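The structure under discussion appears below in the form of structure tokens.
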Amino acid sequence: MRTLARVSLEPLPDYRVKARNTSSNSENKIHDDATAKRYGFRGALVPGVTVYAYLTEPLAAAFGPGWLERGTASVRFLKPVLDGEEVLAAGVVTARDPKGSAATVTGATAAEPEAATLTATMPAGAPTPVNLAQYRHAPLPETRPEATRAHLASLEALGTPVNRYDEAAAAEWLERVSDPLPIYRGRDGWVHPAFYLDQANRALRQNVQVGPWIHVGSVIRHLGGARVGETLSTRGRVRSLFEKKGREFIELDLVIVAGTGERPRPVAHILHTAIYQLGGPDMAPQGPPTLGSIPAKP
């Protein structure tokens with residue numbers, strides 16, 4: 001594995017934002033105060049997708065379209081972020097050479113100095129392509145079965161969510177995640193990178209019925225990026241299922257595809273990890289809980 005040359009740490013632009021619980025009306029009740037407190041948290045969790053959106057702002061501001069086209073990110077959600085808390089997304093460039101750059105970003109609140117961490121790379125060359133033939137388009141189930149290990153292990157392919165990211169959808173998404181960057185706006189704007197993780201969440205919840213669940217981490221490779229006006233399909237499969245401390249984890253292997261014709265174009269590859277069975281409120285920790293972060297493996 002190639003190692004980039006280390007440099008004196010170069011700060012990325014800081015980004016401060018008031019966190020919003022963008023899923024307060026979701027069927028995932030971990031975003032509801034009463035349910036989250038039953039599991040030992042201080043209150044309803046701000047979605048990991050939203051926290052990821054905050055962490056990407058310094059990267060997109062510093063690296064621009066290049067990172068959206070071919071950059072990578074590995075994000076871990078370590079501690080809860082709650083609605084109304086100020087999040088500071090602060091990062092540094094940690095390595096640089098002619099073949100690319102690397103950076104880290106940390107999301108901090110007054111309550112949690114390391115609520116989330118992100119490591120990113122900005123390769124100089126084109127990304128390694130995926131074999132799209134291994135990710136087939138499949139229909140979503142007419143009735144979603146319960147998310148059990150037996151059912152998830154039996155799936156050859158996940159049903160494929162399809163969503164158009166037009167100007168109205170882009171404006172709604174940018175307002176939702178409070179991103180001010182102009183790079184995402186207008187007819188020629190880029191699809192926001194956190195929208196890809198939102199589609200990864202859809203790949204789980206539109207295929208199975210899930211109780212309170214937590215997104216704990218993702219590994220993302222941008223494969224060219226997508227633009228406003230494109231239709232995005234999320235193809236994928238279950239990569240692994242495992243148990244840790246009485247909680248059931250799932251890792252999804254997903255490709256976001258732009259276009260619906262004969263020549264679909266992969267725009268992002270995602271390894272997406274979640275706790276899909278929390279183990280019941282009786283398993284709530286006695287101290288401040290972590291989110292059980294298990295980083296996906298690239």
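The values are calculated or read from the model by the stated rules, or taken from the named source; none is laboratory data. Note that the structure is a prediction, hence the values are computed from the model and not measured. Positions of Cβ are backbone-derived with ideal geometry, glycine not excepted, and every protein chain shown enters the neighbour counts. Quick note on the areas: whole protein, heavy atoms, side chains included, nothing else; ligands and nucleic acids left out. Shrake-Rupley method; radii C 1.70, N 1.55, O 1.52, S 1.80 Å.
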Name the single residue, out of those in the stretch 116-162 being among the charged types (D, E, K, R) and touching a Lys or Arg at 6+ places or on another chain (Cβ under 9 Å), that is least open to solvent (accessible area, probe 1.4 Å). Arg144
Taking the stretch 169-197 only, how many residues are in a helix (DSSP H, G or I) and touching a Ser or Thr at 6+ places or on another chain (Cβ under 9 Å)? 6
Could you check the stretch 169-183 and list, in sequence order, the residues that are touching a residue at least 60 places away in the same chain (Cβ under 8 Å) and open to solvent by less than 10 Å² (accessible area, probe 1.4 Å)? Val177, Asp179
Within the bounds of the stretch 56-63, is there any residue that is touching a Gly at 6+ places or on another chain (Cβ under 7 Å), open to solvent by 20 Å² or more (accessible area, probe 1.4 Å) and modelled with pLDDT of 95 or more? yes
Residues that are hydrophobic (A, V, I, L, M, F, W, C) and out of contact with any strand residue (DSSP E or B) (no Cβ under 9 Å at 6 or more places or on another chain): does the stretch 126-133 have at least one? yes
Has the stretch 30-39 got at least one residue that is aromatic (Phe, Trp, Tyr) and either modelled with pLDDT under 95 or surrounded by fewer than 17 Cβ atoms within 10 Å (Cβ to Cβ) (or both)? yes
Among Tyr165, Tyr196, Tyr135, the single one that is in contact with a Phe, Trp or Tyr (Cβ under 7 Å, 6 or more places away or on another chain) and touching a residue at least 40 places away in the same chain (Cβ under 8 Å) is Tyr165
